[in-house]
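What follows is a short report on a single structure.
The values are calculated or read from the model by the stated rules, or taken from the named source; none is laboratory data. This structure is a prediction, so every number in the text was calculated from the model and none was measured. Cβ coordinates were reconstructed from backbone atoms using ideal geometry, including for glycine residues, and neighbour counts include every protein chain displayed.
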Amino acid sequence: MSQQSEALSQSNEELQQFAYGLAHDLNNPLRSIGALTDLLISRNAQKLDESSKECARMITDGVKRMESMTKSLLDYAAASESHGEAVADCGAVLDRVLQDLHYLIETSGIQVKYDPLPAARVNEAHLIQVFSNLIGNAIKYRSLLNAKVYISVREQGTDWLFTVKDNGIGLDMKYADDIFGMFKRLHGSKSYEGNGVGLAFCKMVIQRNGGRIWVESEPGEGSTFFFTLPKAEEATATASRKYGIRSTESEKRTAI
């Protein structure tokens, strides 16, 4: 094993140990704070004024956000454990994600369209999280009228280039790199729920599998997230014939 590989392996192990230790150290007091606050509210419901009740609710909401952040930190660390070896049927993964998000899709009224997807070199469980985060963001930041999201793919050399395009609120491109940072959020939790880990997780997974991820967007005009993954060589020719996947890199992207 090369020195670079050994250093990377050690770095991954240290990250995992740090994440697991931090999650354990934080979760116990967080649970205690949440339980005691709930007990305080239930025992003193008649005595607390509205201001006190609101403070208590803010405490419990803060506890829930912290618990979500520690879980996300564990997921983030776990994503660094394995990469590049597994092969996932991306179409089957997307079907599962859309099934999991069925209630959100139905209640939000967003229209989801997608092309048939090929196989790629990526851990299936990790790809589920990538699609869940990207489609979940499209739902969260959707437009109020005629909301849509479109998932497509095309060949790009030895990679597949995936796109997740929506017509939502969009973002200023000066934040295009910031949104992939750990715990980075462009909107307050009162406006949009979340802990700012989803896109960092996506970046971790994609990069660990030899790909890259980026966004193109404009405020009020929607966002398009792009990510690449290595082809599963044994499935590439079959997928191209079966799905008619585009191979011309200069082809104009389909607009929503």
Tell me, which residue of segment 102-125 that is under 21 Å from Ile139 (Cα atoms) and among the polar types (S, T, N, Q) is modelled with the highest pLDDT?
-> Gln111
Of all residues in segment 86-97, which are among the hydrophobic types (A, V, I, L, M, F, W, C) and either crowded, with 17+ Cβ neighbours inside 10 Å or modelled with pLDDT under 65 (or both)?
-> Val87, Ala88, Cys90, Val93, Leu94, Val97
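Against the condition hydrophobic (A, V, I, L, M, F, W, C), in the same structural domain as Asn146 (by TED's automatic domain parsing), at pLDDT 90 or above and surrounded by 20 or more Cβ atoms within 10 Å (Cβ to Cβ), how does Phe201 come out, does it pass? If you could, list the steps in order and put the result at the bottom.
On the way: hydrophobic (A, V, I, L, M, F, W, C): yes; in the same structural domain as Asn146 (by TED's automatic domain parsing): yes; at pLDDT 90 or above: no; surrounded by 20 or more Cβ atoms within 10 Å (Cβ to Cβ): yes.
When the stated conditions are applied, Phe201 does not pass them.
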Name the pairs: first residue in segment 50-63 and assigned by TED's automatic domain parsing to the domain that holds Thr37, second residue surrounded by 13 or more Cβ atoms within 10 Å (Cβ to Cβ) and of a type in the set (S, T, N, Q), Cβ to Cβ under 9 Å, at least 6 apart or on different chains?
-> Ala56/Thr37; Arg57/Thr37; Ile59/Thr37; Thr60/Thr37; Asp61/Ser189; Val63/Thr37
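For every residue, the table says whether it meets (1) at pLDDT 70 or above; (2) within 15 Å of the chain's Cα centre (by Cα).
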residue	(1), (2)
Glu50	yes, no
Met58	yes, no
Asp61	yes, no
Lys71	no, yes
Gly84	no, no
Asp100	yes, yes
What are the residue pairs meeting all of these: first residue in segment 27-42, first residue under 14 Å from Arg57 (Cβ atoms), second residue in a helix (DSSP H, G or I) and among the polar types (S, T, N, Q), Cβ atoms under 8 Å, and 6 or more apart or on different chains?
-> Gly34/Thr60; Thr37/Thr60; Asp38/Thr60
Return yes when Glu13 is surrounded by 12 or more Cβ atoms within 10 Å (Cβ to Cβ), at pLDDT below 65 and farther than 30 Å from Ile151 by Cβ and no when it is not.
-> yes
